[in-house]
Each structure stands twice: as structure tokens, then as C-alpha cells.
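Let me begin by presenting the structure, written as C-alpha cells, before commenting on it.
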Amino acid sequence: MKEWNAPAEELLVHTSGSTGIPKPMWVSKKRMEASARITCGFLGLKPGDSALLCLPLDYIAGKMMVVRSIVGGLNLVDVTPDGHPMRRFLEKLRQESETVARGADSDCTITLAAMVPMQVYNSLQVPEEREALCRIRHLIIGGGAIDRQLADRLEDFPHAVWSTYGMTETLSHIALRRMNGETADEWYTPFDSVKVSLSGEGCLVIRAPQVCPETLVTNDMAEMAPDNRRFRIIGRKDNVVCSGGVKIQMEQVEELLRPHLSFPYIVTKRPDRKFGEVVVLLAAVTSGGMADAKTICQAVLPSYWQPRVYLPVSHVPFTETGKPNRAEALRLAAQDVK
């Protein structure tokens, strides 16, 4: 709040660092306000509604929850960011029962909450936390891919669940995809003020003048819907493995494996004399478990997608915002080369 109310017209934010070191970026407060108004208008939020802040304030997602509360007149409920936000929220309710957690409705309902997939997944594992999660009227999920199993568990939620698309440069999301209910969709719908298209390489191009002064050519490989407005993301351009002349998208390999591997893993690559590059599977599993993983990969993946290197690690690298740390995964895969 001190930063927001200071005379400076810009705020310092940092990118998430999923493909490298987080980068500092100065962003306009007026554009942050515009982004907040767009989201509040789209979701029909009104003054007095409540918003849950359970994300770090170091990054744009957390900062924008505060700005939405300022612009929309929302009651902001803040909890310490961790993997179990609903547990933190329920603890706060118990501690501040007289004031109902400084703004939550009397039935303990939050109007708007933004979480990363890991927080949603963890909340679903504990009945009390799942019940509280179900009461959120608009749950927006961003910061990483939502796997099929998690999406399936959200389909029967009584209130709106949204997957978001955006980045630091667009001051949080510029498109939403409804994940449940009669209007559920597999395509992201941009806000009315946003136009998207594809570059010659098939990457998403974003024109969002209210929140970003420049046209953004992203590194996200995308596909446009027949209406040429909605889109879906295939994967990152820099997450392509060029192996023996075949281009393999890391995210697509991970998605195919998700229903079959129960331990943490990440797909990456390493240079290879014969093939140019090869697929590498990093997994937090024992050597015996890795043998099982190899059997599964051979059974469910096309032959040219199968990892040629299976590398057990003590932990799978993730960024502070819960995204796969692709840069660290590349380093680990290259480090193991004899």
C-alpha cells in the first residue's frame, strides 16, 4: 500500500523465472488499474465483495489481487502464502471470528480467489479445505498448467472455476477459460479489449493496449479456434526438443504421462551427437521407480517421444510461483553427461 500510494507512477515487479533468472520490470499503475477494472467487470464483482490474497506479493499475480481490491472496493483477506491457502483462511476465521476475517461474507464465502494449481490440488486433499474451496464464487487458477486429473475434480464445483492466461508483461491475465458448468470451454476467450493472433512460427501474438503499450509476440505455441478469436496453448517455443528431425513439445509429453506417473517429474532435453537433442525425464524417484517409469513411457508414448535418458533427482525443480523451472532442469540434465 505504501508503494501504491507513493508519488511514483510505476511499480517494480519481477517475472516468474520459469525459463531463467527472474527479471525486474517497471509497470504503470494506470495500466494496473485498467487490468483490475477489466477483470472486475468481466466477473461482475461489486464493492463489498471479498478477495483472498494467498499469493506472494513479489510477483504480478499477488500485486494485482491487491489492486483489484483497491479499484473494485473489495474487502481483501490476506493469508500467508503457502501450499494450503484454505487451511490458512480457516485458521484466520477462527482467530478473527468476531470480524469474520476482515471482509469474508457471514457464510465464510470468498467472492474471488487466485491460486496456482499446486494450491488447488493440496486443498482438494483435505475435506475441510475442499469444502471451503467449493464456497469460493470465482476461483481463478494460473501460473502453470492444469492437468487433466485436477481439471476433472473441479468439474462438479458449484461456483465458477476459471483457468487464466497471462504474464507479467500483460499485468496478469488477458484471457479466461471456464472449467466447469454449462459454459465450460477448452479454449481461452480474450477480454473484449484484447486481440490475439499467431506469428509465422505459430506463437501467440497479443494486442492489449489498455494494459501493455506494445504488441507482444510470446513464446507460447498456440492454436486458434474456428472463430479466430479464442485460442489454446500447445506449449512454449523454447520447450521444443529437436530430436532426429522431429520436433517434440515437452508439455505434450508431460501431459500424456500425467495419468500414469504418480511421482514428481519434468521433461527436458540435452544435446546429443547423433540426434542433435534427446528427451530427458527427470524424476524424484528411486532407481527401481525409474525402471517402472521407463516401462510406462514405452507403453504410452509414441516411439519418437520416448525419453532416451532417465535421470533420478532428489527433487524436481520448480520456481517460487510453482511453475516447472525449465532452466534448472536443463542444467541438471546437462550436468549428468559423462
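The values are calculated or read from the model by the stated rules, or taken from the named source; none is laboratory data. Since the model is a prediction, treat every value here as computed from it, not as a measurement. With ideal geometry, Cβ positions are generated from the backbone for all residues, glycine too; neighbour counts draw on all protein chains shown. Please note that ligands, DNA and RNA were not included when accessible areas were found on the heavy atoms of the full protein model with its side chains. Shrake-Rupley method; radii C 1.70, N 1.55, O 1.52, S 1.80 Å.
Side notes on the structure shown:
- Pick from segment 162-172, criterion out of contact with any His (no Cβ under 8 Å at 6 or more places or on another chain) and either among the β-branched types (V, I, T) or under 18 Å from V120 (Cα atoms) (or both), ranking: surrounded by the fewest Cβ atoms within 10 Å (Cβ to Cβ): T170
- If you go through segment 294-318 and pick out every residue that is closer than 24 Å to D82 by Cα and open to solvent by 40 Å² or more (accessible area, probe 1.4 Å), you end up with 3.
- P302 meets all of the listed conditions (1) under 30 Å from C54 (Cα atoms); (2) modelled with pLDDT of 90 or more but one, namely (1).
- When segment 42-62 is limited to residues that are open to solvent by 10 Å² or more (accessible area, probe 1.4 Å) and in contact with a Phe, Trp or Tyr (Cβ under 9 Å, 6 or more places away or on another chain), the one that is nearest to A208 (Cα to Cα) turns out to be F42.
- Test: residue in segment 9-29 that is at pLDDT 90 or above, more than 26 Å from T319 (Cβ to Cβ) and crowded, with 19+ Cβ neighbours inside 10 Å: no
- Residue list for segment 274-300, restricted to those being touching a residue at least 40 places away in the same chain (Cβ under 8 Å) and either over 25 Å from the mean Cα position of the chain (by Cα) or at positive phi (or both): C297, V300
- Cβ-Cβ under 8 Å pairs, at least 6 apart or on other chains, segment 259-273 side closer than 12 Å to P307 by Cα, far side at pLDDT below 90 and in a strand (DSSP E or B): I266/P324
- Taking segment 90-180 as the region of interest, the helices (runs of 4 or more DSSP H) fully inside it that hold 1 or more residues being at pLDDT 90 or above and more than 30 Å from M25 (Cα to Cα) are 117-124, 127-134, 148-154.
- Residues that are in contact with a Cys (Cβ under 6 Å, 6 or more places away or on another chain) and among the aliphatic types (A, V, I, L, M) within segment 222-243 are absent altogether.
- Scanning segment 113-172 for residues that are of a type in the set (D, E) and more than 23 Å from L45 (Cα to Cα) yields E128, E129, D147, D152, E169.
- Any pair with Cβ under 6 angstrom, 6 or more apart, that starts in segment 75-95 at a residue that is closer than 17 Å to L133 by Cβ and open to solvent by 50 Å² or more (accessible area, probe 1.4 Å) and ends at one that is hydrophobic (A, V, I, L, M, F, W, C) and part of a loop (DSSP other than H, G, I, E, B): P81/C54; P81/L55; R88/V79
- Subset of segment 235-250 that is surrounded by fewer than 18 Cβ atoms within 10 Å (Cβ to Cβ) and in contact (Cβ under 8 Å) with a residue 40 or more places away in the chain - its residue that is nearest to the chain's Cα centre (by Cα): D238
- Taken over segment 319-335, the criterion of being touching a residue at least 40 places away in the same chain (Cβ under 8 Å) and either open to solvent by 50 Å² or more (accessible area, probe 1.4 Å) or closer than 20 Å to G83 by Cβ (or both) is satisfied by T319, E320, T321, G322, K323, P324, N325, L330, A334.
- Listing of strands (runs of 3 or more DSSP E) fully contained in segment 236-326 that carry 3 or more residues being within 30 Å of H14 (Cβ to Cβ): 265-272, 276-283
Yes/no per residue for (1) in contact (Cβ under 8 Å) with a residue 40 or more places away in the chain; (2) farther than 21 Å from R137 by Cα:
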residue: S172; (1), (2): yes, no
residue: N180; (1), (2): no, no
residue: V205; (1), (2): no, yes
residue: C212; (1), (2): yes, yes
residue: R230; (1), (2): yes, yes
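- Segment 37-79, subset modelled with pLDDT of 95 or more, among the hydrophobic types (A, V, I, L, M, F, W, C) and under 18 Å from the mean Cα position of the chain (by Cα), residue farthest from T109 (Cα to Cα): M64
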